[in-house]
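The values are calculated or read from the model by the stated rules, or taken from the named source; none is laboratory data. Since the structure is predicted, the reported quantities are computational estimates derived from the model, not experimental observations. Note that we place each Cβ from the backbone using ideal geometry, even for glycine, and neighbour counts take in every protein chain shown. Ligands, DNA and RNA are stripped out before the accessible areas are found, and what is left, the full protein with its side chains, is counted by its heavy atoms. Shrake-Rupley method; radii C 1.70, N 1.55, O 1.52, S 1.80 Å.
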Amino acid sequence: NSDLRRQLEQDEIDIELLQQLLAAANAEGIALDSATLEFTYRKNLERNADTFASQPTLTGLQSLNRAATAIAMVPFRVNLWKVQNLLYRFIQLFNSDHPKASSWCTGDRSRWDSCLRELGEKLAVKV
């Protein structure tokens with residue numbers, strides 16, 4: 001549990017190590033502290049989402065996207081309400097004529113669109 005918790009609180013979650021830790025816990029019949037693990041992972045995602053929302057960059061979006069990869073792997077439900085809402089509000093602004101939107105996307109818009117779609121799928125947010 002402590003190794004899983006440490007992994008889920010990392011800014012850059014090592015997905016391969018997380019898979020190994022989950023498999024080992026399952027194989028050894030270790031009962032997971034789902035409440036603590038969910039809280040730790042949720043706070044990590046929320047921190048990533050807050051950072052991205054306050055200073056939107058493609059790098060920040062990619063970091064949030066990588067962090068969200070573990071959602072499908074963990075054997076517990078993650079409360080994504082705050083992260084979903086932040087992403088939805090960003091998508092609405094990003095797809096508008098708002099002046100900020102054009103300043104965020106200084107490079108290839110297709111990379112932003114692709115990353116937003118992928119993250120939207122992971123978070124169950126329509127892009």
Exercise for the section: Pop out the ³J(HN,Hα) list for region 39-56 in order, Karplus 6.51 cos²θ - 1.76 cosθ + 1.60 with θ = phi - 60°, rounded to Hz; leave Gly and Pro as x. Expected result: 4, 4, 5, 4, 5, 4, 4, 5, 4, 4, 5, 4, 4, 5, 5, 7, 8, x
Fill in the blank from the handout: Carbon plus sulfur, as percent of the 1.4 Å-probe accessible area of region 4-71, comes to 49
Practice task
Return the sequence-ordered ³J(HN,Hα) values of region 112-125 in whole Hz as given by the Karplus equation 6.51 cos²θ - 1.76 cosθ + 1.60 applied to θ = phi - 60°, using x for Gly and Pro.
Solution key: 4, 4, 4, 5, 5, 4, 4, 5, x, 4, 5, 9, 6, 10
Problem - Label assignment, semi-axes √(5λ) of the Cα gyration tensor in Å derived from the structure, set (1) 22, 17, 14; (2) 32, 26, 11; (3) 31, 13, 12 - result: (3)
Exercise for the section: Specify the angular offset, from 0 to 90 degrees and rounded to the nearest 10, of the alpha carbon long axis of helix 58-68 from the longest principal axis of the alpha carbons in the chain. Expected result: 30
Problem - the chain: relative contact order as a whole-number percent, Cα under 8 Å and 6+ apart - result: 26
Completion exercise
Computed over region 38-127, protein heavy atoms only, probe 1.4 angstrom, the accessible area per residue in square angstrom equals 55
Problem - Those aspartates and glutamates that a straight Cα-Cα span of less than 19 Å connects to Lys100, excepting residues fewer than 8 apart in one chain - result: Asp50, Asp108, Asp113
Exercise for the section: Using a 10 angstrom cutoff on alpha carbons, build the Gaussian network for the chain and name the most mobile of Asn26, Asn65, Asn85. Expected result: Asn26
Practice task
Please return the longest stretch of the chain lacking exposed loop sites, where trypsin sites (Lys or Arg not before Pro) count only if DSSP places them in a loop and at most 11 other Cβ atoms lie within 10 Å.
Solution key: 1-76
Exercise for the section: For region 36-105, give the magnitude of the charge dipole about the Cα centre (Cβ charges: +1 Lys/Arg, -1 Asp/Glu; no others), in debye to the nearest 20. Expected result: 140
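Which chymotrypsin sites (Phe, Trp or Tyr not before Pro) does region 45-90 hold that lie in a coil by DSSP with at most 14 other beta carbons within 10 Å?
Phe76
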Completion exercise
Highest GNM mean-square fluctuation among Ala27, Ala67, Ala101, for the chain with Cα springs under 10 Å, belongs to Ala27
Exercise for the section: Report ³J(HN,Hα) in whole Hz for each residue of region 20-37, in order, from the Karplus equation J = 6.51 cos²θ - 1.76 cosθ + 1.60 where θ = phi - 60°; Gly and Pro get x. Expected result: 5, 5, 5, 5, 5, 4, 5, 5, 8, x, 7, 6, 7, 7, 4, 5, 5, 5
Problem - Label-to-label distance, nm, for residues given as Ile71 and Gln84 (7 Å Cα→Cβ offset) - result: 0.8
Practice task
Please check the chain for the longest run free of GluC sites (Glu not before Pro) that are loop-located per DSSP (anything but H, G, I, E, B) and have at most 16 other Cβ atoms within 10 Å.
Solution key: 29-127
Practice task
Quick one: pull the percent of accessible area on region 75-116 belonging to carbon and sulfur, 1.4 Å probe, ligands and nucleic acids left out.
Solution key: 49
Exercise for the section: Please tell me the relative contact order of region 1-60 in percent, rounded to the nearest whole number, where contacts are Cα pairs under 8 Å and at least six residues apart. Expected result: 41
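Just the C-alpha atoms of region 75-127: what Rg/Rh do they give, with Rh taken as the Kirkwood radius?
Radius of gyration over Kirkwood radius for region 75-127 works out to 1.03.
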Handout entry: Most mobile of Leu58, Leu116, Leu32 in a GNM of the chain (Cα contacts under 10 Å)
Key = Leu32
Handout entry: Net dipole in debye of the chain [+1 Lys, Arg Cβ; -1 Asp, Glu Cβ; about Cα centre; nearest 20]
Key = 480
Completion exercise
On the formula 1/(1 + (r/R0)^6), with r taken between the Cβ atoms of Thr57 and Ser96 and R0 of 25 Å, the FRET efficiency rounded to 0.05 is 0.85
